[in-house]
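These notes are about the structure you will find just below.
The values are calculated or read from the model by the stated rules, or taken from the named source; none is laboratory data. Quick caveat, the model's predicted, so the values are computed rather than measured. As a convention, Cβ positions derive from the backbone with ideal geometry for all residues, glycine included, and neighbour counts pool all protein chains shown.
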Amino acid sequence: MSVKLPEEVISCSNFINGEWVRGESSTLDVVSPYNGKKIGAVTLPSQMQIQHAIAAAEKAQVLWAATPMKERSQVLFHLRAILMRDMEEISHLKAAESGKTFNEGRAGLMKGIEVLEYALSLQNIDVGGKLEVSRGVNCEYRRNPLGVVANITPFNFPAMVPMWTIPINIALGNAYVWKPSEKTPLTSMKIANAFHEAGLPKGLLTVLQGGADTVNAIIDHPGVKAIGFVGSTKVAKLVYTRATALGKRALCLGGAKNHIVLLPDATPEIAGPGISDSFTGCAGQRCMAASVLLAVGDVEKSIAKILERASSMKLGTEMGALITKAQRDFLVESISRAEALGARVLLDGRKVPPPAGMEKGNWLAPTILDYVQPGTEAATVELFGPILSIVRCQDVTEAIQIQNSSDYGNACSVFTNSGAMAERVSREAKAGMIGINVGVPVPREPFSFGGIAASKFGSGDITGEHSLNFWSDIRKVTTKWEKQNDNNWMS
């Protein structure tokens with residue numbers, strides 16, 4: 001299905017204390033990557049408006065924390081129905097502003113709903129624990145909300161990434177401040193309106209638009225207790241450093257340079273589409289995209305299948321556009337630099353014309369570079385586009401050494417029919433998420449999402465079971481009601 005672009009410019013503002021409030025600072029244009037046309041205008045909040053918004057969130061959170069989790073979860077039940085009802089409309093809008101295809105927009109929202117469903121389960125499974133530790137003495141865990149938390153989300157998943165964390169925090173009893181990417185603010189209107197319609201009390205979800213000024217004001221506010229971030233490693237480190245310097249919790253997910261180890265015994269019909277879809281999905285603009293193919297030995301049949309699949313991708317319907325013209329220009333230049341260093345271009349996306357009527361969009365078709373040398377830009381830098389760099393390796397040992405030399409540690413996959421080789425890569429690869437014959441090894445809930453090394457700053461993961469202790473406090477209660485005859489140190 002083709003993406004339906006907005007026919008009129010959409011006005012976007014800030015969701016403060018249950019109402020949409022026009023920002024008092026400045027206005028930014030929202031441009032569709034599909035055709036370069038303005039599709040929205042977003043007003044940015046003043047520092048005073050940010051202070052007012054967080055104060056309202058603090059006030060609302062006190063009452064919400066006193067509401068039983070089962071009652072809080074009713075909002076999420078209603079929310080799921082609304083999102084399913086509006087699935088097509090939201091998917092078109094998020095695709096129009098982010099450059100995704102319609103199917104990618106829909107898939108991202110469905111993944112967000114999966115996390116929502118996990119949050120709904122917390123009322124039944126996250127009950128703490130109680131144990132008699134000595135005669136007449138009991139210890140128990142009690143989970144308590146933090147208060148007001150904030151999350152800064154990226155352009156490439158304007159619905160999925162915020163939905164990783166909003167439902168869990170609402171279920172836990174927190175108030176949530178959301179700063180969407182300034183490139184993709186329109187989806188935030190749909191998500192916030194859905195929460196409002198679902199019955200979320202005012203003040204518990206705040207949407208503040210803008211860039212660095214808004215981010216810094218949120219981090220610096222003493223009422224915000226924890227900061228989540230998803231974006232580039234450079235900015236993730238800055239956000240983490242600023243937040244932790246103020247004594248706050250911070251979990252900041254950064255970039256990646258994901259490797260796939262391809263072995264000669266892999267099934268070409270599985271490896272070909274799996275690897276191709278990994279580096280072309282979302283036009284390569286995702287932190288889980290395949291970036292470097294570590295080709296071990298004779299894997300030409302599998303590479304032929306990768307080439308076949310990637311070359312068949314149709315721009316506009318099967319693969320979307322890049323977020324900005326500047327990003328496209330950077331990728332085109334990076335391909336030329338790789339050529340100059342001896343890489344062979346097996347598939348040249350620069351030569352593929354854009355879809356009819358979208359000549360002013362930011363288009364680059366799938367590109368495959370062979371015989372890329374380790375240590376070069378194409379092999380080490382996160383390019384964030386539909387480019388696959390093939391590095392030839394003599395054996396698995398060399399492949400793992402190259403993977404482990406990366407600064408990043410988000411994902412690593414292996415395509416093989418050997419259980420022993422799969423186990424070796426799973427054991428030795430330095431990455432937080434491992435795939436075996438899976439090109440995009442994103443865990444399903446309740447398994448949590450998160451990398452290691454320069455792909456993550458902070459402890460724990462941002463979703464799933466391992467996120468709960470980040471977004472809440474655990475109190476330990478020790479109880480004794482009567483004197484025991486046989487006293488010991490615990491009595």
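Numbers below:
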{"read-out": "Residues of region 31-60 that turn out to be basic (K, R) and assigned to a helix (DSSP H, G or I), as a count", "value": "1"}
{"read-out": "Conditions (1) among the hydrophobic types (A, V, I, L, M, F, W, C); (2) in contact (Cβ under 8 Å) with a residue 12 or more places away in the chain; (3) assigned to a helix (DSSP H, G or I); number of the one not met by V414", "value": "(3)"}
{"read-out": "Flag if I152 is within 20 Å of A236 (Cβ to Cβ), surrounded by 24 or more Cβ atoms within 10 Å (Cβ to Cβ) and in contact with a helix residue (DSSP H, G or I) (Cβ under 7 Å, 6 or more places away or on another chain)", "value": "yes"}
{"read-out": "Positions within region 350-378 being farther than 16 Å from G320 by Cβ and among the charged types (D, E, K, R), in sequence order", "value": "R350, K351, D370, E377"}
{"read-out": "Those residues of region 172-203 which are of a type in the set (V, I, T) and part of a helix (DSSP H, G or I), in sequence order", "value": "T187, I191"}
{"read-out": "Residue pairs meeting the criteria (Cβ under 7 Å; at least 6 apart or on separate chains; first more than 15 Å from M48 (Cα to Cα) and assigned by TED's automatic domain parsing to the domain that holds G211, in region 8-30; second of a type in the set (K, R) and surrounded by 16 or more Cβ atoms within 10 Å (Cβ to Cβ))", "value": "G18/K202"}
{"read-out": "Residue count, region 443-477 (criterion: assigned to a loop (DSSP other than H, G, I, E, B), among the hydroxyl-bearing types (S, T, Y) and crowded, with 16+ Cβ neighbours inside 10 Å)", "value": "3"}
{"read-out": "Test: residue in region 194-206 that is over 18 Å from E182 (Cβ atoms) and charged (D, E, K, R)", "value": "yes"}
{"read-out": "Qualifying position, being in contact with a Ser or Thr (Cβ under 7 Å, 6 or more places away or on another chain) and not assigned by TED's automatic domain parsing to the domain that holds K38, among I387, I400, I368", "value": "I387"}
{"read-out": "Count of residues meeting criterion [of a type outside the set (K, R), surrounded by fewer than 24 Cβ atoms within 10 Å (Cβ to Cβ) and part of a loop (DSSP other than H, G, I, E, B)] in region 417-438", "value": "6"}
{"read-out": "So E104, is it in contact with a Cys (Cβ under 8 Å, 6 or more places away or on another chain), assigned by TED's automatic domain parsing to the domain that holds L205, more than 27 Å from A250 (Cβ to Cβ) and in a helix (DSSP H, G or I)", "value": "yes"}
{"read-out": "Looking only at region 365-397, and only at residues there that are surrounded by fewer than 17 Cβ atoms within 10 Å (Cβ to Cβ) and in contact (Cβ under 8 Å) with a residue 60 or more places away in the chain, the one that is nearest to G255 (Cα to Cα)", "value": "V381"}
{"read-out": "Counted residues, region 257-271 - those being crowded, with 24+ Cβ neighbours inside 10 Å and in contact with a Lys or Arg (Cβ under 7 Å, 6 or more places away or on another chain)", "value": "1"}
{"read-out": "Residue within region 303-311 that is touching a residue at least 40 places away in the same chain (Cβ under 8 Å), closer than 25 Å to V438 by Cα and more than 28 Å from the chain's Cα centre (by Cα) present", "value": "yes"}
{"read-out": "Residue in region 440-451 that is under 18 Å from F279 (Cα atoms) and β-branched (V, I, T) present", "value": "yes"}
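Condition check ((1) touching a residue at least 12 places away in the same chain (Cβ under 8 Å); (2) farther than 28 Å from Y34 by Cα; (3) under 15 Å from the mean Cα position of the chain (by Cα)) across all residues:
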residue: R143; (1), (2), (3): yes, yes, no
residue: T165; (1), (2), (3): yes, yes, yes
residue: K183; (1), (2), (3): yes, no, no
residue: N193; (1), (2), (3): no, no, no
residue: K237; (1), (2), (3): yes, yes, no
residue: K248; (1), (2), (3): yes, yes, no
residue: C252; (1), (2), (3): yes, yes, yes
